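The values are calculated or read from the model by the stated rules, or taken from the named source; none is laboratory data. Please read all numbers here as calculations on a predicted model, not as lab measurements. Neighbour counts run over all protein chains shown; Cβ positions are idealised from the backbone, glycine included.
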Amino acid sequence: MDRELRELDRQEKQITKELKQRAKLTNSSKDPALAALAKQLVQTRKQREKMMTAKAQIGAVGMNATAMATQVAAAAALGSVTDAMKTTNEAMNVKETMKVLQEFSKETERMEVKQELMDDALMDAFDNEEVEEEAEQVTNQVLAELGVEMDSKMVGLSAPSNNLQAEDKLSNEEQEALDALLPDLKSRLDAL
C-alpha cells in the first residue's frame, strides 16, 4: 500500500508539472488537453485519499486484532494465576503466616529503633569543632549575602553620620525603605 501511495504521489507531481507546462503554452482555459490533465489530477488525488482511508481502516482492524489477542492472553494468565493462588491457599496455614508476619513487624520496629539510637550515638560521637566551624562559616556566608542584598536595596539612601541627632531624623523615604527591609531581614535571621 505504501508503494502504491508513493506511486500516486509521483503521478500527482508529474501531472501537476505537465498541467503547468500546458497552461504556459496555451492561455485559454478551454483547451481540451488542459481540461483532461486537470481531471486526471483530480482523479489521482481522489484515488490517493481512498487509498489513505483504506490504509487507516486496515491499521484499525490490525489494532483491534492485537487488542483481542492481548485480552485472550490476559484471560489465560488470570486463569493460571487463579490456579496458583488456589494451590498456595491449600498449602498455606493462614494463622501461622499471620503470626510470622506480626513477629516480622515487631522485629522491624525494633531494628528501626536500634538504628535511630545508633545514628544518634554516632552523631554525638563525631560532632566536634569541625562541624561547629563549618556551621559558623555557613552562618557568616548567609549574613554576608544578606548584607550585600541590604546594600543593594539601600542604594540612594544617605550615609549615616556620626551626629546622633541626624540619626534620629530620617527622611520619610529612608524610614519607609528601612521599614520595608526589616521584616524581611528578621525572617531570614529567624530562619537561620
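Under 7 Å between Cβ atoms, at least 6 apart or on separate chains: pull out the pairs that start in region 35-50 with a residue that is at negative phi and end on any residue that is basic (Lys, Arg).
From residues that are at negative phi, the pairs are Leu37/Arg22.
Is there a residue being more than 40 Å from the chain's Cα centre (by Cα), modelled with pLDDT under 85, part of a helix (DSSP H, G or I) and not aromatic (Phe, Trp, Tyr) anywhere in region 137-151?
No, the conditions are met nowhere in region 137-151.
Applying the selection to region 52-95, what residues are surrounded by 10 or more Cβ atoms within 10 Å (Cβ to Cβ) and of a type in the set (Asp, Glu)?
Asp83
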